[in-house]
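Okay, so here's the structure we're looking at.
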Amino acid sequence: MSIQEIFEILGIGPTRDEESIRAAYRSRLTSVNPEDDPQGFMRLRGAYEEAVKYARTPEGEAVNSALWMEELGPEGEFLRRLADVYGCLPRRLDEAEWSGLLREPVLASLDGGEQAKWGLFSFLAEHYRLPGRIWKILGETFGIEENAEEFKERLPEPFVEYMLRRIQDDEEGDFPLEKLSGEPQADYDGFLQLFFNLTNRERGDSPEQLREVGEILEQLKQFGISHPWYELEQADYLSRIGETQRAAEMVRGLIRENPEDDRVYMSGAFILGVCGCGDEAGELYVGYLKRNNQTVRGTYTALLSLARMAVIREDWKSVRELAGMADDLRSTDATEELMKQADDALIDGLTGEEQLTEEQVLLLAGCFVHGKRTGEGIGFFESHPELVPDRADFYEQMALMYREEERYWESMEAVKSWRSCLDRDAGGAEGLAGPENTAGSAKNLRSMAASLDLEGRLWRDIYYEEKRAGKLPPEMAEELSGRALTACSRAIGLEPENLDFRLHQVLVLKDRNAWEEAAGQCREIISMDDEAYWAYFYLQEICEELGQDQEVVNLFGRMIKIYPGHPEVYLRALRVFKRYGRYEAALDVIRRAEQAEVKSGELLVEKIGVLDQLAEDEKDWKRADRFAANVIGWLKKSKAPRWLLAQAYLKRSFLNDSGGKHNQSKKLGLDRVYAEESLRLNDSLSARYALGRYWIEYGGRPKMAYLHLKICEKRGMDYDRLCYYIARCHERFRQWNKAIAYYQQALEKNPEFSGCYWRLGLLYKQKFCRVCQPEYAEKALYYINLYDEKFGESAESFRRRADIYLRMGEYDKALKEIEEGVKRDGDSDMWLLRGKVLRAMRRYEEAIGSCEKSMTAEDLFGKDDEECFKRVFQCFLRMGQLERGAAYLENALDKDIDEDGREKCLESLTYLESTAGRYDRALDWISERYGSADLTRRCCDDWEREAERMEEVLDIWLRFRENPGEEILEKCTQAAALADLAYADSGKDPEGRALACQNAGEAYCRLGQYDTAIGYLKNAWELACQCKKYGYYRSLTRKLMETYYWLGDLEEARAFGGLYRKRMESVYEECDDLGLSVEELMTRPNMESRQTLYNLFCWAYYTGRGDQARRYIGLMEQRDMCWWCDEDGCTEFWEARGLLAMLDGSVEEALAAFRKANQVIWLGINKDACAAIARLLEESKET
């Protein structure tokens, strides 16, 4: 049929709405009677099935299987034969038909085999009513179990799970399709679907429910198909509507015709009981129990039904016996309820009797034990000692009662009395205490074995009682568990076939950590009974303890076939798969538990984590997060333990990881919120670890992170990532040596932890950049290279090596590294670093080109327009191309650059124009940048920015004019007025106000007016002390030291010199691993030696330590230029030479040195040298 024909038969237009299709089908059914028009009915049913298939097939795919079959060649022929076999019931049930079908050559064809195979299973996904034996043939032919994952990729997963169940299960309880009768090509699938809809309905006897049942039975009748189970449903319906005589007659006939069908037999007996034929029903149940071909289900049902009949007769002893036998087969709520009812009735009856026989006493004791009324039982027999018989079976019950009440020593005494009776009954002085004695009856031997087993259990109870009380030293633990082991071993010796005794021995061996012996005993039990579930259970636990992961998984597969309902079995297998990162397999374990209807909060919580690991996109993540929310809601509603709810919150915390790649739509910080809730519920190491990781990775609060992580460490967490995150905290505290130590600890635990090599390389690079000690460069290169060797080269490694070589002054190596880095990843930062290297090599044009590429790179990583313009400016300045440089920067202002880049452009234009002597143009650029170059009024709201404006305006006279003239005095006065305003301002910006005062003070120092300068510098110091961290601390303490020196106040100069020196030395706090003093570190050769020695020289000179100053300048003269310097000389060196000449009174030599300092400086003039020249000239005039 075509699509058009299908929907014409249904009477609607083509649609993929299944509800509309079903409604149309139901509507057409009312006008098509299968008895009057069987062909029309079959045509309608066929159209309905094809329409449903069409609805479930995505648009664009082939949907009409009949049409598809007609269009294909051998594949279509094969599928047509498949449809013929399935459509005819006798052929469908014939194994030979299926075997022949599966031998068709097309299935082995290279061209069409796969298409035919998947066409077969696509058909079966819609037409799956086959006997189990046929599914087994299909499973063996196509390896469905072995290739389940491939089938799940191709077919609906529920259908694949259904196939697996049919292949794996035995056929007990399978619907007997062979008993269907009707026309060979009748609609058996439609009949079965409707039949199962009926039998799966919730049973009820309300008028509405009975009416609906009657309607369904009438619809089933229209199919023209019969089956004993269908007729049984008819009889049940008749019994429920009061037609009991007809129902009973139908049932009797069905039982006569189907005597071996358990469902007919048992349900029939039940219906007879409902119809008032209780004696007849009872005879049927008794008769069933005498049969040789009983099933477990049938026997259980017969015993339970007889027990219920005994309840009606109030024959409580029979109730107890029958329900007990049923419970031995299958322990259910129904059997437990009946036994409890019987126990209570017998206890109430027997305790009210004045006289009891020994047998009644024994029955009463048994009821007290089974009915969990042991305390009452002990009290009864203690108050009626005359009733106590001196019998082994009574003492057995008393021992059980005492044990239930945790009166273990009294239970032990009862066991001794029990055993004494057995010895007496055996008639020998030796009794039955030794397993070697074979005297006495088999019953007494079993009882002796039971007494020994109970003794072992009591020793184990005492062991755990002492352990809970904290009174179990190792020697006592060994003694108690040893006694337990001896007792249960003797029990096994007497009754080696008793599996319960052997399982008890497994528990004792576990207590003693004798894992291998326990495993051996479990395997022995399994060899005796391959369905001994608890032996598998304990063996799986032991294998997990021994790290035998594959065995844990193998046992899981065997156990769930025996009993699929224990959650711990699934959890153990789950833990194995998680350990190996096999999350699909882990999810399959959880799904199996769900199919087995295992109720476990732990499995639900574990599923959150598994779904998290399997999420491939945001859609998956959202689904997982919704599931997590539902699990938490369910756990709250069911009042789950706090620790389990805490675990669920923790899993959701991991799911909402702020760095997660799939959860972009979530609110950042939810991982912290959930982890904090987890910690509130249960103070676990995992929650603290999660919070520590959050605060260091994303929260920006290393102290909070450190608090949680150190608690984890103190409580014994020994985890490589814990060390890693503690190291990250120490990094943030600038405690680099501690950070390095923790990274190395992490590597000891996990030598393949790539992040540690990465961070160690970075840390040593940072230490090198900070103090320029060559050992740190070597260490950094070692870890960077080691990372590349272990995990493969990365562009970042080339970047880091280039930066290190640049700072080492090895420019050729630096260029080689950065060229390779640019090839691998030409991001903004890589091009900028290349520009820095080329500038240091004095290849200025190439450096400018690299900076341009940095600003226009597609990959914006490390983009820094400000730094780029700084390097471009330096290049033009060193080339002396001031006009070209100005034009370049001015043109850049019209381009799309960030605010920092624009600021640097304007600053560079100011400096270029000042260098060229175009001071008015320079002032224009200052006005462009700040809004005004006029110092007579405050221009910027922010004091720090206002201070920067003051400095730039003053620099035009102080830094770029060797003879600033009288105009500078006016500018200094204007700046001083602004500084006074800043000092008087009571705003919240002490740092900006301090800088304004400092700039005014430094300007007066340049003019040699130290008396005025010191006032502003002291104001700056006062404000700086109010700051948490003053960014210009070192320059301020130096300037105060210098000013007090020139004022002749050596004491104050030394006071500030001490602060200046301390700040210099603080850089070396993390260098104690080199084993050198700070003085040695600061004076040893490196590529920043000149700068460091100059700072030391200033400290020594301005604190009156002339000899040390001479030593420092001597070392300075021996050292190379600093790594960043491409000037023709060192301005700091010549400045220092001039200062020493002043100290020696050599005026001409000093003047020459200071003038040399002005000549070699890279930008403008040396302000300190100019101040010194002015001072010398002034002193010369005075002289």
Note, region 594-600: 3J(HN,Hα) by Karplus (6.51, -1.76, 1.60, θ = phi - 60°), whole Hz, Gly/Pro = x, goes 5, 5, 7, 6, 6, 9, 8
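Can you give the net charge of the other residues whose Cβ lies under 13 Å from the Cβ of Phe270, counting K and R as +1 and D and E as -1?
Numbers: positive: Arg203, Arg240, Arg263, Arg308; negative: Glu233, Asp236, Asp262, Glu280.
Taking every Cβ under 13 Å from that of Phe270, the sum is 0.
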Dividing the mean separation of Cα pairs under 8 Å (6+ apart) by the residue count of the chain yields a relative contact order in percent of 3 percent
A student asked for the Cα radius of gyration and Dmax of region 162-204 in angstrom ought to give 12.9, 35
Phi angles of region 476-482, converted by Karplus (6.51 cos²θ - 1.76 cosθ + 1.60, θ = phi - 60°) into ³J(HN,Hα) in whole Hz with x for Gly and Pro, give 5, 4, 5, 5, 5, 5, x
Taking Cα atoms only, helix 601-614 is inclined relative to the longest principal axis of the chain by an angle, in degrees rounded to 10, of 50 degrees
Checking region 525-610 for chymotrypsin sites (Phe, Trp or Tyr not before Pro) in a loop per DSSP with at most 10 other beta-carbon atoms within 10 Å yields none
For region 1093-1145 the trypsin sites (Lys or Arg not before Pro) that pass both the DSSP coil test and the at-most-10 other-Cβ-within-10 Å test are none
Computed over region 1070-1182, the relative contact order (Cα-Cα under 8 Å, seq sep at least six) in percent reads 19 percent
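When the helix-only estimate is applied to the chain (DSSP H runs of n ≥ 4, each -39,500 (n - 2.57), divided by the residue count), what is the mean residue ellipticity at 222 nm, nearest 500 deg cm²/dmol? Provide the component values of the computation, followed by the final result.
Numbers: 62 runs with 856 residues, N = 1183.
Result for the chain, helices only: -23500 deg cm²/dmol.
With N denoting the number of residues in region 1070-1182, provide Rg(C-alpha) divided by 2.2 N^0.38 Å, to two decimal places.
Numbers: Rg = 15.1 Å, N = 113, 2.2 N^0.38 = 13.3 Å.
That works out to 1.14 for region 1070-1182.
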HN-Hα couplings for region 974-985 via Karplus (6.51, -1.76, 1.60; θ = phi - 60°), in whole Hz with x for Gly/Pro, come out as 5, 5, 5, 5, 5, 5, 4, 4, 5, 4, 7, 5
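Starting from the Kirkwood Rh over alpha-carbon pairs, what translational D in µm² s⁻¹ does region 292-375 have by Stokes-Einstein at 4 °C and 1.567 mPa s?
Numbers: Rh = 13.2 Å.
The estimated diffusion coefficient comes to 98 µm²/s.
Report the local net charge at Arg373: Lys and Arg +1, Asp and Glu -1, summed over other residues whose C-beta lies under 9 Å from its C-beta.
-2
Counting Lys and Arg as +1 and Asp and Glu as -1, what is the net charge of the other residues whose Cβ lies under 11 Å from the Cβ of Arg91?
Values: positive: Arg81, Arg92; negative: Asp84, Asp94, Glu95, Glu97.
Net charge around Arg91: -2.
Please compare each pair in Lys895/Lys971; Lys179/Lys599; Lys599/Lys622 to a cut-off of 28 Å on the Cα-Cα distance and tell me which ones are over it.
Details: Lys895/Lys971 34 Å; Lys179/Lys599 37 Å; Lys599/Lys622 24 Å.
The pairs that break the limit, which is 28 Å between Cα atoms, are Lys895/Lys971; Lys179/Lys599.
In debye to the nearest 20, how big a dipole does region 1070-1182 give about its Cα centre with +1 on each Lys and Arg Cβ and -1 on each Asp and Glu Cβ?
Details: 12 positive and 21 negative charges, 68 e Å.
Its charge dipole is roughly 320 debye.
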Low-density loop GluC sites (Glu not before Pro), region 337-407, at most 16 other Cβ within 10 Å, DSSP non-H/G/I/E/B, are Glu353, Glu354, Glu405, Glu406
In this structure, among Lys765/Lys813; Lys813/Lys870; Lys765/Lys790, pairs with alpha-carbon gaps over 21 Å are Lys813/Lys870
Per 10 angstrom bin, beginning at 0 and ending with the bin that holds the maximum distance, the Cα pairs of the chain fall in percents of 2, 6, 10, 13, 13, 11, 9, 8, 8, 8, 6, 4, 1, 0, 0
With +1 at each Lys and Arg Cβ and -1 at each Asp and Glu Cβ, the charge dipole magnitude of region 194-289 around its Cα centre, to the nearest 20 debye, comes out at 120 debye
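FYI, it's all coordinate maths here, none of it is from the lab. All values reported here derive from a predicted model rather than from experimental measurement. When we count neighbours, we look across all protein chains shown, and the Cβ atoms used for this are built from the backbone with ideal geometry, even at glycine.
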